[in-house]
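Have a look at the structure below before the remarks.
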Amino acid sequence: MATRVRPVSYDKSCGFRKLCFNHLQMLLCCWFGYNVSLRVVQSSKRCAVIGGSGFLGRHLVEKLLDRGYSVSVFDIRQSYELPGVTFHQGDLCDKQTLLPALGDVSLVFHCASPAPGSDNRALFESVNIQGTRTVIQACIEAGVQKLVLTSSASVVFEGTDIKNGREDLPYAKKPIDYYTETKIEQEKLVLEACDKKKGFLTVAIRPHGIFGPRDPQLVPILVDTARRGKMKFIIGDGTNLVDFTFVENVVHGHILAAERLRPDSPLCGKPYHITNDEPVRFWDFMSDVLVGLGYAAPRYRLPYTLVYGLALLLWLLALILRPLVSFKPTFTPMRVALAGTHHYYSCERAKQDMGYKPVVSLKEGIARTVESYPHLRRGA
Ligand SMILES: NC(=O)C1=CN([C@@H]2O[C@H](COP(=O)(O)OP(=O)(O)OC[C@H]3O[C@@H](n4cnc5c(N)ncnc54)[C@H](O)[C@@H]3O)[C@@H](O)[C@H]2O)C=CC1
Ligand SMILES: CC(C)CCC[C@@H](C)[C@H]1CC[C@H]2C3=C(CC[C@]12C)[C@@]1(C)CCC(=O)C[C@@H]1CC3
């Protein structure tokens, strides 16, 4: 909204009183104009983070607050409290519970998902597919203008080597698990919902192997495996390159995408890989984290096909025996595939279209991660 300020005019007939009046008028106009523009900035700086209680979600919320946004968090659980954050607890599959969290919000980040390690197909389908349909409908109903989805680079991964994969790789025809299968459908739904005419813009961020402080998955699973004496072996020849992405870089990619998403930008309806841009040997990364926490690095090599075959067998056994006994093998076929193949991705498109560049190096990211887990140190 433009506020017009009349120029100060000094004419002899009105003299000093008119000058004062004009000044007062100008001050009022400035104040009023300032307030209007402040309100515009404030409303465009209100956003919602669905899944904001999670690992990535909370890091995203913290950075958004730093950047002056006020944040509405929607999550099935509340894991913290922060000034500037309003919490709404509920299941994203329920539109009526979700809608109040989107009131007065122009930008929504959707980074909620069941844990990837789960094998509950029905849950993945209801949250990632049906729930994402609900998120899109709720956004449109609430007048949200931008939706940024956290997808995953694994939507193109089928368990075989990917080297410097670009975004134009086809979606996996045989996804490695239910998690990936439903992440593919989720990404398609969000990107297809992008509609410039209706003023609803969408973009998907595809991170890979997120790590960092408070990660509930990578480091805790690794340490647990080491404590049980199972991290002695390298699967394959140990030279396979993988992307591990420090959480702050993933957050940076999300915020850049949100801020650069405009009707005239190339981002509309597109997926973007966000990585550390430093592919690393899977087993070097694992060793650095383990050694940093005081554990021994894996040393003995095992052939990939042998371990994959065994993992498949164990997984089948667990499936058959499920009605009688419940056990969860550490080395699932999915983990073995991730540990023994190349899977690293190009983030050239993000660099070009949104000026992305990692803000924290892998070395620094590992150091900060290791430091953040004193309770997982050997002997702690
Ligand atoms: N951690 C990783 O290495 C990677 C994660 N991603 C994606 O990043 C996103 C965030 O992952 P993380 O932070 O690692 O997981 P997380 O498990 O820490 O966070 C997910 C959040 O979603 C919430 N949630 C789950 N179901 C919900 C529902 N029905 N309604 C409302 N909230 C619900 C959970 O309570 C949790 O707070 C996910 O979409 C995941 O697919 C993508 C690539 C790699
Ligand atoms: C037991 C060891 C062989 C492996 C321990 C580390 C693993 C827990 C992690 C190594 C690569 C990670 C990874 C994911 C989860 C944790 C690991 C398997 C994802 C599946 C998380 C969700 C995604 O979207 C893709 C990730 C790929 C890498």
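The values are calculated or read from the model by the stated rules, or taken from the named source; none is laboratory data. Note that the structure is a prediction, hence the values are computed from the model and not measured. Note that each Cβ is placed from the backbone with ideal geometry, even for glycine, and that neighbours are counted across all protein chains shown.
For the range 329-367, a tally of residues being over 24 Å from P175 (Cβ atoms) and touching a helix residue (DSSP H, G or I) at 6+ places or on another chain (Cβ under 9 Å) returns 13. Only one of the numbered conditions (1) of a type in the set (G, A, S); (2) in contact with a Pro (Cβ under 8 Å, 6 or more places away or on another chain); (3) without any contact (Cβ under 8 Å) to a residue 24 or more places away in the chain is not met by S151, and that is (3). For the range 38-54, the criterion of being at pLDDT below 95, in a loop (DSSP other than H, G, I, E, B) and closer than 18 Å to V144 by Cα is met by at least one residue. Taking first residues from the range 278-302 that are closer than 15 Å to L338 by Cβ and partners that are of a type in the set (S, T, Y) and part of a loop (DSSP other than H, G, I, E, B), the Cβ contacts under 8 Å between residues at least 6 apart in sequence or on separate chains come to R281/T239.
Screening the range 269-360 for strands (runs of 3 or more DSSP E) wholly inside it with 1 or more residues that are within 18 Å of I235 (Cα to Cα) and touching a Phe, Trp or Tyr at 6+ places or on another chain (Cβ under 6 Å) returns the ranges 300-302, 343-345.
Of the set (1) touching a helix residue (DSSP H, G or I) at 6+ places or on another chain (Cβ under 7 Å); (2) surrounded by fewer than 22 Cβ atoms within 10 Å (Cβ to Cβ), all apply to P303 but (1). Examine the range 90-109 for a residue that is under 15 Å from the mean Cα position of the chain (by Cα), touching a residue at least 60 places away in the same chain (Cβ under 8 Å) and near ligand 1 (Cβ under 8 Å from one of its atoms), and state whether such a residue exists. Scanning the range 90-109 turns up no residue that is under 15 Å from the mean Cα position of the chain (by Cα), touching a residue at least 60 places away in the same chain (Cβ under 8 Å) and near ligand 1 (Cβ under 8 Å from one of its atoms). Considering the range 111-145, and only residues there that are within 16 Å of ligand 2 (Cβ to nearest atom), among the small types (G, A, S) and in contact with a Lys or Arg (Cβ under 9 Å, 6 or more places away or on another chain), the residue that is nearest to I255 (Cα to Cα) turns out to be S113.
For the range 165-180, the set of residues classified as modelled with pLDDT of 95 or more and surrounded by fewer than 20 Cβ atoms within 10 Å (Cβ to Cβ) consists of R166, E167, D168, L169, P170, Y171, A172, K173, listed by residue number. Within the range 326-343, no residue that is at pLDDT below 80 sits with its Cβ atom under 6 Å from a residue that is of a type in the set (S, T, N, Q) at 6+ positions apart or across chains. Restricting attention to the range 190-226 and to residues that are of a type in the set (K, R) and touching a residue at least 60 places away in the same chain (Cβ under 8 Å), the residue that is surrounded by the fewest Cβ atoms within 10 Å (Cβ to Cβ) turns out to be K196. For the range 127-161, filtering for residues that are within 14 Å of ligand 1 (Cβ to nearest atom) and hydrophobic (A, V, I, L, M, F, W, C) leaves 11.
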